[in-house]
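Here, each number is a calculation from the coordinates, and none is a lab measurement. Values in this document were obtained by computation on a predicted structure and should not be read as measured data. Here the Cβ positions follow ideal geometry from the backbone for every residue, glycine too, while neighbour counts run over all protein chains shown.
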């Protein structure tokens with residue numbers, strides 16, 4: 001085990017009861033282990049991690065009814081844009 005993991009584990013075990021409850025709630029929302037959420041909380045902070053989890057859940061819900069644009073369609077449009085710009089650069093050249 002490296003020093004970073006040891007430090008993270010020590011910090012995790014030193015959390016207050018309220019912090020542990022919040023960590024567990026975030027882990028439940030994200031459907032991951034509290035230890036996994038703790039690594040993100042250490043790096044980004046409580047509020048940012050909670051906002052990120054909630055945004056992810058919101059996006060998942062949105063895409064259940066709004067499937068987005070098919071990959072092939074996006075790639076065809078990207079190539080069309082590239083080709084149009086390449087032609088302009090060659091003409092200006």
Inset, instruction - Round to the nearest 10 and give me the degree value, 0 to 90, for the angle of helix 46-65's Cα axis relative to the longest principal axis of the chain. - result: 50 degrees
Legend entry - Computed over the chain, the ratio Rg/Rh where both radii use C-alpha atoms and Rh is Kirkwood: 1.30
Inset, instruction - Divide by every residue of the chain the summed helix terms, -39500 (n - 2.57) for each DSSP H run of at least 4, and state the resulting mean residue ellipticity at 222 nm, rounded to the nearest 500 deg cm²/dmol. - result: -27500 deg cm²/dmol
Legend entry - Listed residues 78, 55, 14, most fluctuating in the chain (Gaussian network, C-alpha, under 10 Å): 78
Inset, instruction - Quick one: among 51, 77, 11, which has the greatest mean-square fluctuation in a GNM of the chain with alpha-carbon springs under 10 angstrom? - result: 77
Legend entry - the chain: angle of helix 3-13 to the longest principal axis, Cα-based, in degrees nearest 10: 60 degrees
Inset, instruction - Fewest Cβ neighbours within 10 Å first, please rank 46, 79, 38 accordingly. - result: 79, 46, 38
Legend entry - Degrees, to the nearest 10: 17-30 long Cα axis against longest axis of the chain: 30 degrees
Legend entry - the chain: relative contact order as a whole-number percent, Cα under 8 Å and 6+ apart: 18 percent
